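The values are calculated or read from the model by the stated rules, or taken from the named source; none is laboratory data. Please read all numbers here as calculations on a predicted model, not as lab measurements. Cβ sites come from the backbone with ideal geometry, for glycine too, and all protein chains shown count toward neighbours.
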Amino acid sequence: MLPIISVQNLSKKYILSHQTQERYTALRDVLAQGTKRLFNKFLHPSLALMDNPEHEEFWALKDIAFDIQHGERIGIIGRNGAGKSTLLKILSHIVEPTTGRIEIRGRISSLLEVGTGFHPELSGRENIYLNGAILGMSKGEIKRKFDEIVAFAEVQRFLDTPVKHFSSGMYVRLAFAVAANLEPEILIVDEVLAVGDAQFQKKCLGKMESVGREGRTVIFVSHSMPTVTSLCERAILLDGGKIVKDGPTSEVVMHYYTNGQSSPASADFSQRYVGDAKVRLLRGDIRNSEGAMALESRIEEPLYVEMTIEVLDDDVPVFIPNFHFYTAGGECAFVVHDTNTKPLKRGQYVSRCMIPGNFLNEGSYFVGLAISSFEAGIVVHFYEKSCLSFNVADRHDDVVTRPGHGMPIPGVVRPNLYWELYKL
C-alpha cells in the first residue's frame, strides 16, 4: 500500500532581514549601491538578495524525507526553532517548500495556531460550515456532524456569536472539534492544545486516540514528551531543520532527553544542594543486573533503582527511602519504600530497589527520589520528582508472556503471574 504522506528531500528557505546601524552615507555611495543591486536584480536574480548585507539565508528545513502510513500516529518533537511548525505548515499547504516534494493521499484537517482557518467576523455556526466546505464536505455531511461538534466544543451558548469575541480557550475548543470531527483522513495538530484547560486537553487526546483507532492518520507536535509517548507509536525528532532520529516513540524521546550524550537514567546532585540539615541527595541511577546504566531494558529483565545519600549528623531520625514511579502520561503508577530501615550514622549510603522482570509494561517511566521520616510527624527531607527516566521494551513476538498478542497490551504493569488449570 502506498503511504498516505510521502516527503522527499524537502527544504524550506527564508530570507532574514537585519537592520543595520545608521551611519553617514554619501550620495555617490547610495547611487553606486543602487546601481549594483539593480544590475544584479536583472542579470543575477538569485544573487540579488545575498549581495545585500541586510539579508541572510535561513533554512528552516533541509533535505528531510520520510513516509507516513495509513493509520499511524506520529509525534513530531524537537526544541524551539527545530522546524516542526514549518513542516506542519508545508504539509497543510499553508506555505510552499523551497525544494523537494510531498505527496498526500487523503483529506487533511489542521489545527496549527489560534485563529487558523476561522473567519473572525463569522459566527461559530457559520465557521463550522465554512471549514467543512473547505474540506470538501457537502452541507448534508456537515449537518450530520454538527451536533457532535458543538457538544464536543462545549460552546452552545456562543454558537451564533462572531468568533472574534471568543476567548482563546473557546476558540481552540471549537477549532479542535471541527478539525477532529469532520472525519479527515489526516489530522494535524500543533502545540495549540496547550491553550486549553487540562480537562479539555485530556478530552482532545482521547479523541485523537480514537481517530487513530479508526484507521485515520494523526500528526501531533508537542513539547510534552509524556503526552507524545502516550499518544504516538512513532516519533520524528527534528534539530536544526534536519531529522535526527525517526523510530519508535520511546526510543526517539529518550534520544531527545539525552541529546545523544548524557543519560536520563543517571542524575548527579553533588553540585547543587538537595535536602536539609540532616540528609542530602547526591545522585540517582537506574542500572541493569550487570551494574551498567539502564536507559532501556527488556520487559523480562530486572532493573535496579539506586539513590545515593549523605547523612550529615549522627543524631538523625530513621530515614525511609522511597521511589515514586510515573507513567509517560504523568500518572503515578506506584510508590515503593524501604521496609527494613534502621538508624544511620554520619556518612554516605546507597539505597537500592529491584524492579523484577515481567512486572512493568512496555513504555517510558519516570522516577522521583525522596527521603521521609515519621518520628516527629511526617517529614519529607527531600523529593526530586521525575528526575530519572527509563524505557521498558517489549518483543511483540514473545510467545511466552504474550501469546497471540501482536498489539500493545494496556496497563501500567504486566506481571507474569502463576496460573493453574485443572479439570473438575
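Below is a table of values for the structure above.
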item	result
In the range 279-297, the residues that are small (G, A, S) and crowded, with 17+ Cβ neighbours inside 10 Å	G284, A294, S297
Count of the range 311-333 residues which are over 23 Å from the mean Cα position of the chain (by Cα) and more than 17 Å from V380 (Cβ to Cβ)	3
From the options K89, K139, residue that is within 20 Å of Q8 (Cβ to Cβ) and basic (K, R)	K89
Failed item, numbered, when C332 is tested on (1) in contact (Cβ under 8 Å) with a residue 12 or more places away in the chain; (2) closer than 17 Å to L388 by Cα	(1)
Residue list for the range 229-264, filter: modelled with pLDDT under 75 and among the aromatic types (F, W, Y)	Y257
Residues (modelled with pLDDT under 80 and aromatic (F, W, Y)) located in the range 186-226	F200
Per-region count, the range 227-240, residues in contact with an Asp or Glu (Cβ under 9 Å, 6 or more places away or on another chain) and of a type outside the set (S, T, N, Q)	7
Qualifying residues in the range 359-386 (those that are of a type in the set (D, E, K, R) and in contact with a strand residue (DSSP E or B) (Cβ under 6 Å, 6 or more places away or on another chain)) - the one surrounded by the fewest Cβ atoms within 10 Å (Cβ to Cβ)	K385
Qualifying strands (runs of 3 or more DSSP E) (wholly inside the range 247-364; at least 1 residues being among the acidic types (D, E))	266-268, 279-287, 296-298, 303-311
Residue that is farthest from V279 (Cα to Cα), among those in the range 319-358 that are buried (at least 18 other Cβ atoms within 10 Å of the Cβ) and of a type in the set (F, W, Y)	Y326
Which listed residue is in contact with a strand residue (DSSP E or B) (Cβ under 6 Å, 6 or more places away or on another chain), in contact (Cβ under 8 Å) with a residue 24 or more places away in the chain, buried (at least 18 other Cβ atoms within 10 Å of the Cβ) and assigned to a strand (DSSP E or B), from V218, V211, V228	V218
Counted residues, the range 121-138 - those being at pLDDT below 85 and either surrounded by fewer than 15 Cβ atoms within 10 Å (Cβ to Cβ) or outside any helix (DSSP H, G or I) (or both)	6
Residue check, G100 in the same structural domain as M208 (by TED's automatic domain parsing), part of a loop (DSSP other than H, G, I, E, B) and either at pLDDT below 85 or of a type outside the set (V, I, T) (or both)	no
